[in-house]
Amino acid sequence: MEWIEFKILILSDGKYGDRAAKVIKKKFNDTKIITIQERNPAEFIDDVDLGEEVESEIVQADLLIIYVRHPDVVAEICYRKNPTILAV
């Protein structure tokens with residue numbers, strides 16, 4: 001039986017996501033968690049910069065799981081049109 005490589009990227013603002021990464025890695029070895037800067041959810045962010053590393057990882061991912069609490073950052077990530085689960 002062949003296993004399909006499936007790359008999962010978990011994006012977190014630091015508060016949630018660690019336990020999910022541990023559980024998912026048991027089934028999908030190519031799972032990666034990246035912690036991005038935590039932002040005040042009440043603050044309006046006009047220009048969200050995710051950084052080159054995050055952008056590169058998003059492009060390579062088959063599935064995004066987002067544990068980010070700021071709505072502007074979540075919207076920016078969703079604009080990438082990757083299959084996404086919003087876990088927070």
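Could you please find all residues in segment 63-80 being open to solvent by 60 Å² or more (accessible area, probe 1.4 Å) and either more than 24 Å from Ala42 (Cα to Cα) or in contact with a helix residue (DSSP H, G or I) (Cβ under 9 Å, 6 or more places away or on another chain) (or both)?
Arg80
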If you scan segment 5-56, which residues turn out to be touching a His at 6+ places or on another chain (Cβ under 9 Å) and of a type in the set (Lys, Arg)?
Arg39
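Restricting to segment 26-81, give me the number of residues that are assigned to a loop (DSSP other than H, G, I, E, B) and in contact (Cβ under 8 Å) with a residue 40 or more places away in the chain. Working first, answer last.
As a first pass, look at segment 26-81 and keep what is assigned to a loop (DSSP other than H, G, I, E, B): 28-31, 36-51, 61-62, 68-70, 79-81.
With in contact (Cβ under 8 Å) with a residue 40 or more places away in the chain added as a condition, the list becomes 61-62, 68-70.
Matching residues across segment 26-81 total 5.
Can you tell which of Lys7, Lys15 is surrounded by fewer than 14 Cβ atoms within 10 Å (Cβ to Cβ) and either modelled with pLDDT under 90 or not hydrophobic (A, V, I, L, M, F, W, C) (or both)? Before you say what the answer is, go through the steps one by one.
Numbers: Lys7 fails: surrounded by fewer than 14 Cβ atoms within 10 Å (Cβ to Cβ).
Exactly one of Lys7, Lys15 is surrounded by fewer than 14 Cβ atoms within 10 Å (Cβ to Cβ) and either modelled with pLDDT under 90 or not hydrophobic (A, V, I, L, M, F, W, C) (or both), namely Lys15.
The values are calculated or read from the model by the stated rules, or taken from the named source; none is laboratory data. None of these values were measured; they are calculated from a predicted model. Neighbour counts are summed over all protein chains in view; Cβ atoms, including those assigned to glycine, are modelled from backbone coordinates with ideal geometry. To get the accessible areas, we keep the full protein, side chains included, count just its heavy atoms, and leave off ligands, DNA and RNA. Shrake-Rupley method; radii C 1.70, N 1.55, O 1.52, S 1.80 Å.
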